[in-house]
Amino acid sequence: MRERIDEVESKEFQVVAIAPSSASFIAQFMEHFGPFPFGIYGDPSRQLYKEQGTVTMPKWKLLSKALWGAMTGKVKNFLPNNENQKEFVKESMKTQDVYIQGGTWLYDQKGQMIWHHIDSSPEDHAQLDKVLQYMEKHNSEE
């Protein structure tokens, strides 16, 4: 998303990321993986995640997917090459809810949801080209 933020903003939308983590953890994440051209906010109680209908993948299923992906070569760089980032990810896997899946929601200027995609697994993210199409469609309908 950050690589194509100009395309999103050209459609008169803004990006807001919500993580199921505390502000202090997000600050650490930003130190290792930032900067981002949009805000990342925390939902440590996961209240918003629950309200939006996200799913939590069973631990065994996520770990088996990761193992299978690594064995078949479909998942590359499961852990970052950068040592500091790698250690941060390993610690995150022990202390954070890495099993909760995310999603993508589009809201209009009145706060009404106009489209959404709830991830069913780590590889099931909404494709940015599709999200941009929904933005364009919404703009043409106004």
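The values are calculated or read from the model by the stated rules, or taken from the named source; none is laboratory data. On a predicted model such as this, the values are computed, not experimentally measured, just so you know. Cβ sites come from the backbone with ideal geometry, for glycine too, and all protein chains shown count toward neighbours.
Structure values in brief
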item	result
Test result for Pro80, under 18 Å from Phe29 (Cβ atoms) and either in contact with a Ser or Thr (Cβ under 7 Å, 6 or more places away or on another chain) or modelled with pLDDT under 95 (or both)	yes
Pairs with Cβ under 6 Å, 6+ apart, first in the range 1-14 and over 14 Å from Gln127 (Cα atoms), second among the aliphatic types (A, V, I, L, M) and at pLDDT 95 or above	Lys11/Met135; Phe13/Met135
Lone unmet requirement of (1) exposed (fewer than 14 other Cβ atoms within 10 Å of the Cβ); (2) outside any loop (DSSP other than H, G, I, E, B); (3) of a type outside the set (Ser, Thr, Tyr) for His117	(1)
Whichever residue in the range 34-59 is assigned to a helix (DSSP H, G or I) and exposed (fewer than 15 other Cβ atoms within 10 Å of the Cβ) and, among such residues, is farthest from the chain's Cα centre (by Cα)	Lys59
Some residue of the range 69-86 being part of a helix (DSSP H, G or I), in contact (Cβ under 8 Å) with a residue 40 or more places away in the chain and out of contact with any Pro (no Cβ under 7 Å at 6 or more places or on another chain)	yes
Residue that is farthest from Ala27 (Cα to Cα), among those in the range 93-108 that are modelled with pLDDT of 90 or more and of a type outside the set (A, V, I, L, M, F, W, C)	Asp108
